[in-house]
């Protein structure tokens, strides 16, 4: 589960690689081919791109000017007659068939394209085995999440994203540990702007451990407190390239990373130069990171999420340009919720241990079934058990 | 065959036929495209998610051919292919072409070359793609999610599309040679000046080989000729393969293949004429020389040919690693032993002849 991605074993590799180059290279390139890049500064990448591109490439508005022959002639340095011809010679009509009535959903019979033959076979197989050929719920959900924000524009023009802004794609892994997730750990994908602060990302990460209510409430189930862990334990940190960015916005936030740093420095472990910084002072443009390399987000003291930055690119006209919607969630893993053991209908809200009335340990109950089984009409506790409020990881579905 | 490899087959077939036209005009390419009705490659998909994934894969594949080290014609073909795929895709909004920063510099250079060479249609198409905002300007070409367990899916792209890897001449350019000559002359003159006999340097001062600059130049020329011959041979080999496949008659075919057969026979004769004497313990496995008939050669040539593209690239790579020792014969012999099939052997000595040539090959590696 955490075997494939080991965040605390990486600093060694980072130091060994980093020591050979004093300054991080400006153009991102692979450190391990096809796996991850070297360290580079995010803001510099944006600057480099902006330097090498033209205004028209970066623009986020619809292009106004028509690409007339004169503009073409100027751009290519060719004579005007050639420019006029080019439009006709290179038009898209040259690539399409003259038959207007083509249906893109039907595959032609006599095609020589291998791809089409394979696809046709797959479709025929589906028909034979009567597999329904519409997108299933999961696929529709995935597609909707990916594309729900495409092309959105803000109501308030002050919220419009600037040209040349960088868009980072982050995979944030869930801390759930199920056997079935051994090979592919579930994650959610978030889009973040370069100008956004780390704290904005921190606030957008929804983790079930934030909603936990601590304490045993078998004797007084009605008095389960309202405040959740999110309000009680506000400390958190990000770890990127040897620096711990701690959340210090509230007075009760502690420096969780101090434990790690003290441990690293205590014996000669070889993890030197770990630093701390304040999360709220940094934006993503200020960071120096590797693309494709796992980093860490820790909150609630010991709830750790692995974060991988999978992609950095310039914002495009077709993206969502409303700044208030970022960090934008575009992919979420659908976790099946645990249902009550009794009615198998409602999501579990209570979990019991050492319960003489329950068939297994631990056992999950919804609120109604829990009270019906464990308490009599007056509200007295029946039997021996320990009961804890339970928040299912699938709550965010 | 998976959909991805089917896609690769189709794209490569289109690029290969474009390569054969020996032309870089868009009209030629669009003619080939229309013949195959390539835009139908997107047909038959009803679900938007799979449409997006497929289109992204197709664009990614076409982009790989657009970047170096492929030859100029293939790169122009790939540009047209990108244009075609981008324009005829069925996804809304359109899937974009991802270009990384390090690739963008190459692309700009390419566009500049196109404009200076007056290939206006290709330059126009690139310009059009750019104005249509068909590109996503990224840090790295693909999304990286630290999949250590996933197999690297780098499918082998066509070696024959690649540009001749002329690292030797890139290292020792004409300027370098000229400078070397100048320095050498200057050095000789200096030696003469400080010697007692002003017309030639002292014997005590002769520390280097006097003709080494000329030797280097000759070696480079030899290497270049060899490389050109190799390419020609490869192209000829492919041609005659196609011709023999189609079973066409004609004297041209006969003369070509018999030419090749005689060349092969000559090379084989050279390498297999020397047979090692087996030790007393291996007497029973002593190799006896057999003369192979040229007819059977031809038959044999069909099968190892498919290995040739891969082998050629291995060899070019190795050649770059080897120091320039000269002696093309040595290189050719290696070439031969890897390329050719087994010599003709009689039934009884089947095992013995097979054993000995194979260990010999391994050693030359």
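The table below gives the values:
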quantity: Distance histogram for region A:138-332 (every C-alpha pair counted, 5 angstrom bins, percent rounded to whole numbers); calculated: 1, 7, 13, 17, 17, 16, 13, 8, 5, 3, 1, 0
quantity: Folded to 0 to 90 degrees: helix A:42-52 orientation relative to chain A principal axis, Cα; calculated: 10 degrees
quantity: Peptide A:104-114, shielding by other chains (average Cβ, 10 Å cutoff); calculated: 6
quantity: In degrees, nearest ten, helix A:114-128 long axis to first principal axis of chain A (Cα); calculated: 40 degrees
quantity: Burial order of peptide ranges B:94-106, A:342-354 (average beta-carbon count within 10 Å, highest first); calculated: B:94-106, A:342-354
quantity: FRET E, pair residue A:55, residue B:182, Förster distance 60 Å, beta-carbon r, rounded to 0.05; calculated: 0.80
quantity: Sequence-separation-based contact order of region A:88-222, relative, with Cα cut under 8 Å and 6+ spacing, percent; calculated: 14 percent
quantity: Neighbouring partner chain Cβ atoms per residue of A:188-197, average, 10 Å criterion; calculated: 0
quantity: Segments A:247-254, A:186-193 sorted - mean Cβ within 10 Å per residue, highest first; calculated: A:186-193, A:247-254
quantity: Inter-label distance for residue A:70 and residue A:152, nm, one decimal - labels placed 7 Å from Cα along Cα-to-Cβ; calculated: 4.2 nm
quantity: Chain A: most fluctuating residue of A:46, A:270, A:87 per GNM, C-alpha cutoff 10 Å; calculated: A:87
quantity: Between helix A:137-147 and chain A: long-axis angle, C-alpha atoms, 0 to 90°, nearest 10; calculated: 60 degrees
quantity: Helix-only [θ]222 nm of chain A, DSSP H runs n ≥ 4, -39500 (n - 2.57) each, per residue, nearest 500; calculated: -7000 deg cm²/dmol
quantity: Residue A:123-residue B:214 FRET efficiency (beta carbon distance; Förster radius 56 Å; 0.05 resolution); calculated: 0.25
quantity: Simple spin-label estimate for residue B:2 and residue B:266 in nanometres, 7 Å along Cα-Cβ; calculated: 4.7 nm
quantity: Cα gyration tensor shape for region A:350-396, rounded if a/c is under 1.5, else prolate or oblate; calculated: oblate
quantity: Residue mean of other protein chain beta carbons inside 10 Å, A:308-314; calculated: 6
quantity: Highest-first arrangement of A:372-378, B:18-24, where packing means the average Cβ count within 10 Å; calculated: B:18-24, A:372-378
quantity: Relative contact order of region A:200-324, pairs being alpha-carbon contacts under 8 Å that are 6 or more residues apart, as %; calculated: 22 percent
quantity: GNM result for chain A, Cα springs below 10 Å: residue of A:137, A:126, A:55 fluctuating most strongly; calculated: A:126
quantity: At R0 = 56 Å, FRET efficiency that the Cβ-Cβ distance of residue B:102 and residue A:382 yields, to 0.05; calculated: 0.20
quantity: Pair residue A:280, residue A:136: separation of 7 Å Cα→Cβ label points (nm); calculated: 4.6 nm
quantity: Fluctuation leader among A:92, A:261, A:312 - chain A, Gaussian network, Cα springs under 10 angstrom; calculated: A:92
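Every number here is computed from the coordinates shown, using simple stated rules; none is lab data. Keep in mind it's a predicted model, so treat the numbers as computed, not measured. With ideal geometry, Cβ positions are generated from the backbone for all residues, glycine too; neighbour counts draw on all protein chains shown.
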